[in-house]
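Reviewing the structure listed below.
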Amino acid sequence: MNNSVKGSVKTILLIMATLLSTSAVYAGSPDRFEAHMKLLASDLLAGRDTGSIGHDFASLYIASELQKYGVKPAGNDNSYYQMIPFKQSVVEPSSPKLSVSNGIQTIEFSYMDNMLMSADMNQADAQLEGELVFAGFGIEAPFLNYSDFENIDVKGKIAVVLFDRPHHFPSEEGAHFLRDSRNVLTEKGAIGVITVSTPEFEKVFPFERRKLYAKVPRTKWIHPNGEVHNASPQIKNSATLSIEAGKKLFALAGMDLDAIFEDIANKKQPKSQIMGLTAKASIHSKHTKTQSPNVIGVLEGSDPVLKHEYVVLTAHSDHIGISQHSVKKDKINNGAMDNASGVSTLLEIAYELHTAKKRPKRSIIFAFVTGEEKGLLGSEYYAHYPTFPIQQIVANVNLDMPILTYRTGEMIAFGAEHSSLKSSVSKAMNKHQITMIPDPMPEQALFVRSDQYSLVKQGIPAVYLKPSAKDIENGTTTTHDFFRTQHYHMPSDDLNLAIDYEWAAQFVDINLAIATSIANTEETPKWNDDSFFKSFAND
């Protein structure tokens, strides 16, 4: 260990010792919340990247707090840790090549100019050649009477798909099918995927912004038997084109991409078809392995029967580390709102339940998961390898990126409309005079972009509370939007933000009320009969 690392470790230990020795004397929840934030979003944790020393220290702090609150270890080997092995793959920058031909004309796309390519998780050198088939959105949704595959076969072909979902789909179901399209293409035998965003999704995640993540390692978790989860070995290459490059690709096939975009905007289904094109692609990837912990604890319920059912509360403890692309002096992505605020909320819920006169009837699992920023990996691992029987986990309340720099009288409760959890959410919101509103930004696909989705896919009803964009103090909607455009996944998401710790305390109370209500209901939480997500449940 070099001197600079030793110095950082000593400093972190000093801060942790100070916080652990003084946090108990804070008079109120806002002070405790601020104390958590000062450590979790500290520069010394270097952005809490998965597998980093900074994230390891955040995990140690979380485990120490849980022990102080009487939350019992619920990881592996009677510890708070569930250690997860990961495989990482990163692109050799000079290696990605992609060309497309109609037999007469050939177009070569340029990596980091108008084309991006994902690192291959399975091979150091991946080569691909095949025919192109346009497969719409790559979605198959029998529940919504929709399929992009009725007239085509992508087996052994390279699928060209649009990154979007049918605009008539309900928000949360649409978000699921959008995220699931890669799995569908894998199941149907595609050997490669080329993706082009629609103009709507280009606004959500612009191609220029995607370039900033090109050097970030692609990460997957490893099963105990050594298999890399969801690595899709038959898909040899995946590329993303800019919209302009996509138009050239479609024009080479005699197709008008603008006309397809117009049909989508008018809620018409894009016509899947053979494109009459072939493509060649190649890439070189470097592979490494690392590990990182979930931190898991449990408070036993008070009811002799219901204590054998569990409500799991989740918050991701990782962030994206140090920016490689930033030209500014500050390159540390502290992740104050994403997700030190969620972790602090969950720690405060643990404290409140610890000091309550009576514990909830059901047991409460506290799961601080790693690898969310890599693709919900820590929660996905826990959903596959839970430390309590999965059939006894009856509900999930997730906390992710609550932006606590402004107050609002409205909140979105993702997932609540699909299950009996809505009753508990409504009671908690009414108590605090908060209005529950529908998802105002379905194009963001937020329901599938946070950790509750991993548990939903295992049949567990879940809710994820998020403050709306409406600032009640000035009546504007700019504060939330400003954060997303100016601070999200940037070094400026740090402790210099105008964090309202009194409001943070109220946010804790709202989520505490939701969790407590769910844990005390006489009937086991369940999906609504007409919900698509009920299909994941093992009744």
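The values are calculated or read from the model by the stated rules, or taken from the named source; none is laboratory data. Treat the numbers as computed from the prediction; the structure is a model and nothing was measured. Virtual Cβ from ideal backbone geometry, glycine too; neighbours counted across all protein chains shown.
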Report task. Return a yes/no flag: does region 405-413 have any residue that is free of Cβ contacts under 8 Å to residues at least 60 places away in the same chain, of a type in the set (Val, Ile, Thr) and within 19 Å of Ile518 (Cβ to Cβ). Result -> yes
Requested in this report: From Ile235, Ile191, Ile243, Ile152, grab the single residue that is modelled with pLDDT of 95 or more and either of a type in the set (Gly, Ala, Ser) or under 28 Å from Tyr381 (Cα atoms) (or both).
Outcome: Ile191
Report summary line: Looking across region 316-366 at residues that are of a type in the set (S, T, N, Q) and assigned to a loop (DSSP other than H, G, I, E, B), the single one that is surrounded by the most Cβ atoms within 10 Å (Cβ to Cβ) is Ser317
Query raised in the report: Looking at this structure, is Ser426 in the same structural domain as Ile518 (by TED's automatic domain parsing), out of contact with any Gly (no Cβ under 6 Å at 6 or more places or on another chain), buried (at least 20 other Cβ atoms within 10 Å of the Cβ) and among the hydroxyl-bearing types (Ser, Thr, Tyr)?
Result: no
Report summary line: Filtering region 192-215 down to residues that are touching an Asp or Glu at 6+ places or on another chain (Cβ under 9 Å) and in a loop (DSSP other than H, G, I, E, B) yields Thr198
Query raised in the report: Quick check: anything in region 262-273 farther than 30 Å from Ile364 by Cβ, in contact (Cβ under 8 Å) with a residue 40 or more places away in the chain, in a strand (DSSP E or B) and assigned by TED's automatic domain parsing to the domain that holds Asp113?
Result: yes
Report task. Determine, yes or no, whether Lys68 is surrounded by fewer than 18 Cβ atoms within 10 Å (Cβ to Cβ), in contact with a helix residue (DSSP H, G or I) (Cβ under 8 Å, 6 or more places away or on another chain) and over 22 Å from His223 (Cα atoms). Result -> yes
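What residue, of Leu399, Leu404, is under 17 Å from Ile349 (Cα atoms), touching a Phe, Trp or Tyr at 6+ places or on another chain (Cβ under 6 Å) and not aromatic (Phe, Trp, Tyr)? Show your work before the answer.
Working: Leu399 fails: touching a Phe, Trp or Tyr at 6+ places or on another chain (Cβ under 6 Å).
None of the other options fit; the residue is Leu404.
Each row is one residue, and each column tells you yes or no for (1) assigned to a strand (DSSP E or B); (2) among the small types (Gly, Ala, Ser).
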residue: Glu417; (1), (2): no, no
residue: Ser423; (1), (2): no, yes
residue: Ser426; (1), (2): no, yes
residue: Gln433; (1), (2): no, no
residue: Met436; (1), (2): yes, no
residue: Phe447; (1), (2): no, no
Query raised in the report: On the given criteria, is Ile222 touching a Leu at 6+ places or on another chain (Cβ under 8 Å) and of a type in the set (A, V, I, L, M, F, W, C)?
Result: no
Query raised in the report: Would you say Arg182 is without any contact (Cβ under 8 Å) to a residue 24 or more places away in the chain, closer than 23 Å to Val90 by Cβ and either touching a helix residue (DSSP H, G or I) at 6+ places or on another chain (Cβ under 8 Å) or not in a strand (DSSP E or B) (or both)?
Result: no
Query raised in the report: Which members of region 177-201 meet the condition of being within 20 Å of Gly375 (Cβ to Cβ), surrounded by fewer than 23 Cβ atoms within 10 Å (Cβ to Cβ) and small (Gly, Ala, Ser)?
Result: Ser197
Query raised in the report: Quick check: is even one residue across region 248-255 assigned to a strand (DSSP E or B), closer than 21 Å to Gly103 by Cβ and small (Gly, Ala, Ser)?
Result: no
